[in-house]
């Protein structure tokens, strides 16, 4: 999955922090979406910059779902508004998702911004039927 978009740098920082915290907590994007009561593709769409960044209330919900009491603990303070040309990618290799983000410079060079690896562990559920 690839997305090329122009965004504010602070938005990119927020997305980066959501992905980092989600992976650290051991949640898939679909699991975090479910915790938030959203459609399964909600967090993936946010992380891939396919939908607009949510409002402050929704960011607070995401922060709580990721175990942060305060929004300011997870997200950066807005100090300036730089617009970046960004290439976001998410590819699966076996049981690993690779998240990468490159900044596209004015002379069309790709400069790596972040690269994250997410191991997907399938959980087996055993249901016992009683007689």
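Hey, any hits in segment 72-90 for a residue that's at pLDDT 90 or above, farther than 15 Å from residue 6 by Cα and surrounded by 13 or more Cβ atoms within 10 Å (Cβ to Cβ)? Yes, segment 72-90 contains at least one residue that is at pLDDT 90 or above, farther than 15 Å from residue 6 by Cα and surrounded by 13 or more Cβ atoms within 10 Å (Cβ to Cβ). Within segment 23-39, is there a residue that is modelled with pLDDT under 90, surrounded by fewer than 14 Cβ atoms within 10 Å (Cβ to Cβ) and outside any loop (DSSP other than H, G, I, E, B)? No - not one qualifying residue is present in segment 23-39. The set of residues in segment 22-51 being under 21 Å from residue 83 (Cβ atoms) and touching a strand residue (DSSP E or B) at 6+ places or on another chain (Cβ under 8 Å) consists of 47, 48, 49, 50. Checking each residue in segment 46-62 for being at negative phi, under 10 Å from the mean Cα position of the chain (by Cα) and either modelled with pLDDT of 95 or more or part of a loop (DSSP other than H, G, I, E, B) (or both) picks out only 48.
For residue 19, are the conditions met, namely being assigned to a helix (DSSP H, G or I) and touching a strand residue (DSSP E or B) at 6+ places or on another chain (Cβ under 7 Å)? Taking the combined requirement at face value, the residue satisfies it. Checking each residue in segment 23-68 for being touching a residue at least 40 places away in the same chain (Cβ under 8 Å), touching a helix residue (DSSP H, G or I) at 6+ places or on another chain (Cβ under 7 Å) and more than 25 Å from residue 6 (Cα to Cα) picks out 66, 67, 68.
The values are calculated or read from the model by the stated rules, or taken from the named source; none is laboratory data. As the structure is a prediction and not an experimental result, all values here were calculated from the model. Neighbour counts run over all protein chains shown; Cβ positions are idealised from the backbone, glycine included.
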